[in-house]
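A quick write-up on the structure given underneath.
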Amino acid sequence: MNRPGSRSHREAEQLSERSAGGVSDRISDWIAQCAVLAMLFELSSSPKPGNVDRCHDFSDISFHHFLTSAISAYPIFRKAARAEGSPGSLILEGVQAWGEWGLRSNTHFGSLVLMMPLALAAGQARDRAGRPHDCSHGEWQAVGEDEEKASPDRLFERLEEELARVLRSTTIQDAVDFYRAFGLAGARVVSVDEFCLKDPQWKERLMEARRSLLDLMMLSADHDIVAREWATDYKRSFQLAGRLQELVSSYGLNDGVVRAFLEALAQVPDSLISAKFGQERSLQVSQLAAEALLDPSLDKARQMDRYLLEEDMNPGSTADLIAASLFISLLRRLRF
């Protein structure tokens, strides 16, 4: 019998710790893979009116730039899954990673803002479902391979609860990091009177007011789709994740994602279009999306795509919402 303190007992403990660490790494890798796949599936689906996809570029930014942006986020998503960092710092790292590949235009800023908290929450939900040393090696090894053994519902059944915890834990430093990331990304938002992202004195005002990142998102929830998700614990993202499961099952991955995008756009006007062209034009785009959904061939969606490209109208916030919803769906075992 191995006594506590004996060499064989210590070796067994060390082996167990290494095994647990290896399993933890595999689950973190898998969470990060789900995040990047979500970005790539959203990007490549076509026709997704007004957005870069595998069939066309914009004049100043191309499909391969978005591919690069998504792949560059992998190590940051992995850090989030391992609880290494906070929402603001991870969003900033995600944007900074673009520079390492020479990217100068905004590609996935909204997606990063929505998905980094989800990656943090997924890692925490995984831990609370049962830490690696509480589970058999075979069960954790099965993640991504065997649905019954991996039990993703069990692993991520606390995802919504953990996400709410992540959002409420944000600090003034998260807000500062977010503002820095926003400046680096060159993102566009509707101008507001209080804590405007374009205000050159933003840092001084933030520090004086002691506002967290969640506080700032709540201030913008009435006019910004991404901020509204933060303010509502991602209520719409989780709803769309369930809808994606249904649509992908019925129409396949590409058409299922396109239809989810059109449904989301038809239901709520895109805030990026509102920021650039005003509320009336964004409502017109939503009406076009509703009409495109009536055509099972998606030809009307292709016509809409050409029109939006000619008008330089990009429903990018809705695309970010679909990426986040795909991430949730993949964590919950989307089949495609």
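The slack in the chain from residue 218 to residue 74, taken as 0.36 nm per residue of separation less the alpha-carbon distance, amounts to 49.0 nm. For region 203-282, the Cα gyration tensor yields ellipsoid semi-axes of 31, 17, 8 Å (square root of five times each eigenvalue, largest first, whole Å).
Model label points for residue 239 and residue 208, set 7 angstrom from Cα along the Cα-to-Cβ axis, are 3.9 nm apart. 3J(HN,Hα) along region 294-306, derived from phi through the Karplus expression 6.51 cos²θ - 1.76 cosθ + 1.60 where θ = phi - 60°, amounts to 6, 9, x, 7, 6, 5, 5, 5, 5, 5, 4, 4, 4 Hz, with x in place of Gly and Pro. The gain in end-to-end length when the residue 168 to residue 61 segment is fully stretched comes to 35.0 nm, 0.36 nm per residue minus the alpha carbon separation. Label sites at residue 33 and residue 201, each approximated as a point 7 angstrom past Cα along Cα to Cβ, lie 5.1 nm apart.
Assuming 0.36 nm per residue, please report the length gained on full extension of the stretch residue 157 to residue 312 beyond their Cα-Cα distance.
51.7 nm
Ligands, DNA and RNA left out, the 1.4 Å accessible surface of region 223-320 is 47% carbon and sulfur atoms.
The values are calculated or read from the model by the stated rules, or taken from the named source; none is laboratory data. This one's a predicted model, so the numbers in the text were calculated from it and none came from an experiment. Every residue, glycine as well, gets a Cβ built from its backbone with ideal geometry; the counts of neighbours run over all protein chains shown. Areas reflect the complete protein model, heavy atoms only, side chains present, ligands, DNA and RNA absent. Shrake-Rupley method; radii C 1.70, N 1.55, O 1.52, S 1.80 Å.
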